[in-house]
Structures are given as C-alpha cells and as structure tokens.
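Undergrad: Sharing a structure here in structure tokens format.
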Amino acid sequence: MSSASRRPLIAGNWKMNLTLAQSVDLSRAVRDGAASASGEVAVCVPFTAIAAVGAVLKGSAAALGAQDCHWETQGAFTGEVSAGMLADAGCAAVIVGHSERRRLFGDSDEWVNKKLGAALKAGLTPIACVGETLEERESRKTWRILQTQVEQGLKGFSPAELAKLVVAYEPVWAIGTGRTATPAQAQEAHAFLRGQLRRLHGEAFAQSVRILYGGSVTPENVDALMAQPDVDGALVGGASLKADAFLRIMRFSAAAPASADQ
Ligand code: PGA
C-alpha cells in the first residue's frame with residue numbers, strides 16, 4: 001500500500017459520456033459512497049455537467065474535477081475553458097495531459113506544462129497524465145518516454161508550487177482496452193516515476209506526490225494494484241460510469257494479497 005503520508009485518491013474520468021440526468025444519478029451514488037471510501041474520491045466530469053454534479057457533491061467527501069483546461073486565463077480562445085473558470089465553477093481538480101488529449105487533440109508536453117501551470121495558479125489539483133504507447137513499450141522506450149513527459153511536464157515549477165500535484169501513470173495500451181498493467185508492471189513504472197520526481201526535486205517531494213494508476217481499472221483488479229507500495233490511487237474511466245463498479249473501487253482494500261499474474 002502507499003506510504004501512510006500519501007492519502008490514496010480514486011478519481012473517475014467520465015470522458016465524453018452521460019446525460020445531465022445520468023450525471024446527477026451517478027454523482028449522488030458517488031457522494032453517498034464517499035464517506036465510506038478507502039481514500040479521497042473525485043469525479044472528473046464533462047464541462048456541461050460541472051454545475052449539476054457540483055450541486056450534488058457540495059459539502060460531501062467527493063471532489064469535483066474537470067478533464068482539461070486551457071492555459072490562458074481568458075480571451076479569444078473559442079471552445080476553450082480556463083482553469084480559473086473551472087475553479088470558479090466549483091472544481092477542485094483537473095486532468096491535464098490525458099493520452100486521449102495528447103493523441104487525438106495534439107496536446108504536447110509543452111502544452112501540458114502550460115496547462116499544469118494554469119491549474120496550479122488557479123488553486124486546482126492537477127492530475128497530470130503520463131504513459132507510453134504499446135509500440136513504445138515494445139521498442140523499450142517506456143522509461144525514456146516517461147522521463148521526458150515528467151521532465152517537460154513539470155519544467156519550471158518549484159516543489160512548493162507543485163505541492164498539489166498528482167501524477168497518473170496511464171499506459172496507453174491499457175486505456176479502455178481491458179488489458180490492465182499487471183500489479184508488478186504498474187509498480188515498476190510508479191517506482192520509476194517516483195525516481196524521476198526524486199531526481200528533479202528530492203526525496204521529500206518524491207515521497208509526497210501521489211501517483212495514480214489508470215488503464216482498465218476494475219473492481220476485480222483494484223485491490224492488487226493498490227497493494228503495490230508506489231500505487232497511490234486510480235484514475236478510472238469505463239468503470240467509473242457504473243455506480244456499483246466505482247463504489248467498489250472506492251472501497252478498495254490495499255491489504256489484498258498481490259495477484260498471481262505479477
Ligand atoms: P479506462 O480509462 O479505465 O476506461 O481504461 C482510464 C483513463 O483513460 O483515464
């Protein structure tokens with residue numbers, strides 16, 4: 001299990017899903033389950049659902065998040081939403097650098113760096129995603145990719161500025177594919193990422209940053225993943241859209257024996 005100094009975080013990423021009515025129903029279930037969760041809970045919802053879900057979660061143990069932001073504070077950026085606007089709308093967190101943004105919408109490490117800065121400036125908890133593609137893993141580029149994404153993504157910020165940072169390791173080959181990283185693969189990558197954080201800003205910083213695993217997390221595999229010492233939580237896509245599944249993930253047991261497939 002993660003170090004006692006790092007409180008686990010289970011974050012749902014709803015992506016581009018659910019009507020407002022469905023969003024309200026699901027967020028009610030998350031709100032009601034959050035008090036008995038094994039760690040902190042957040043849901044990262046589409047922009048259009050922020051107000052409605054925020055009204056449901058208000059005053060509860062579940063935090064509200066968004067899935068992306070722009071780095072500018074305001075202006076002529078048609079279609080974009082700033083980090084300050086998200087904070088103003090009640091968000092406490094925002095995902096930056098999700099692989100779908102990188103792959104489908106051109107988010108570069110430089111953009112992720114700017115978005116991260118905007119999120120921090122707005123007082124949001126940034127959930128900064130990194131992860132290698134299958135091709136990169138198979139050609140043994142995983143560590144190089146992760147190192148570059150961390151170095152470029154965090155460039156220019158002091159440890160104090162990064163106090164709220166959450167990193168999410170999301171191997172692209174595991175996202176929405178049903179092919180989860182094994183607990184051992186996740187641990188190996190998380191330990192590597194923590195090593196990069198240590199290299200950048202020292203041991204105390206590295207030990208303080210939560211590193212979530214994302215990629216086909218389910219009620220069946222969450223306990224074994226959370227049992228790994230450097231896995232501090234999960235970023236959950238598909239399974240966060242079903243109340244039963246997400247509530248079970250929120251109640252993970254990190255004491256579970258590591259699964260046999262390591
Ligand atoms: P998944 O998505 O759980 O559906 O694989 C995770 C994510 O993309 O954050």
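Undergrad: Give the residues of the stretch 89-138 that are assigned to a loop (DSSP other than H, G, I, E, B) and either closer than 19 Å to G237 by Cβ or within 14 Å of the ligand (Cβ to nearest atom) (or both), sorted by residue number.
TA: C91, G97, H98, D107, G131, E132, T133 - these are the residues of the stretch 89-138 that are assigned to a loop (DSSP other than H, G, I, E, B) and either closer than 19 Å to G237 by Cβ or within 14 Å of the ligand (Cβ to nearest atom) (or both).
Undergrad: Spot the failing condition for A160; the list is (1) within 20 Å of M226 (Cα to Cα); (2) more than 16 Å from the ligand (Cβ to nearest atom), and only one is missed.
TA: Among (1) within 20 Å of M226 (Cα to Cα); (2) more than 16 Å from the ligand (Cβ to nearest atom), A160 violates only (1).
Undergrad: Suppose we filter the stretch 174-193 for residues that are near the ligand (Cβ under 10 Å from one of its atoms) and either surrounded by fewer than 19 Cβ atoms within 10 Å (Cβ to Cβ) or without any contact (Cβ under 8 Å) to a residue 24 or more places away in the chain (or both); how many remain?
TA: Within the stretch 174-193, residues that are near the ligand (Cβ under 10 Å from one of its atoms) and either surrounded by fewer than 19 Cβ atoms within 10 Å (Cβ to Cβ) or without any contact (Cβ under 8 Å) to a residue 24 or more places away in the chain (or both) number 4.
Undergrad: For K15, only one of the following conditions fails: (1) away from the ligand (no atom under 16 Å from the Cβ); (2) assigned to a loop (DSSP other than H, G, I, E, B). What is its number?
TA: (1)
Undergrad: For residues that are closer than 19 Å to F192 by Cα and aromatic (F, W, Y), tally how many sit in the stretch 108-148.
TA: 1
Undergrad: While we're here: Just the residues that are outside any loop (DSSP other than H, G, I, E, B), touching a residue at least 24 places away in the same chain (Cβ under 8 Å) and more than 19 Å from the chain's Cα centre (by Cα), please, taken from the stretch 143-156.
TA: W143 - this is the single residue of the stretch 143-156 that is outside any loop (DSSP other than H, G, I, E, B), touching a residue at least 24 places away in the same chain (Cβ under 8 Å) and more than 19 Å from the chain's Cα centre (by Cα).
Undergrad: Now for a different question. Could you look through the stretch 5-28, keep only residues that are closer than 16 Å to G238 by Cα and hydrophobic (A, V, I, L, M, F, W, C), and pick out the one that is surrounded by the fewest Cβ atoms within 10 Å (Cβ to Cβ)?
TA: M16
Undergrad: Out of all the residues in the stretch 198-220, is one or more basic (K, R) and surrounded by fewer than 21 Cβ atoms within 10 Å (Cβ to Cβ)?
TA: yes
Undergrad: Inside the stretch 18-42, can you point out the residues that are assigned to a strand (DSSP E or B) and out of contact with any Leu (no Cβ under 7 Å at 6 or more places or on another chain)?
TA: V41
Since every read-out is calculated from the coordinates, none of them should be taken as a lab result. From a predicted model like this one, the values you see are computed outputs, not experimental measurements. All Cβ positions, glycine included, derive from the backbone under ideal geometry; neighbour counts span all protein chains shown.
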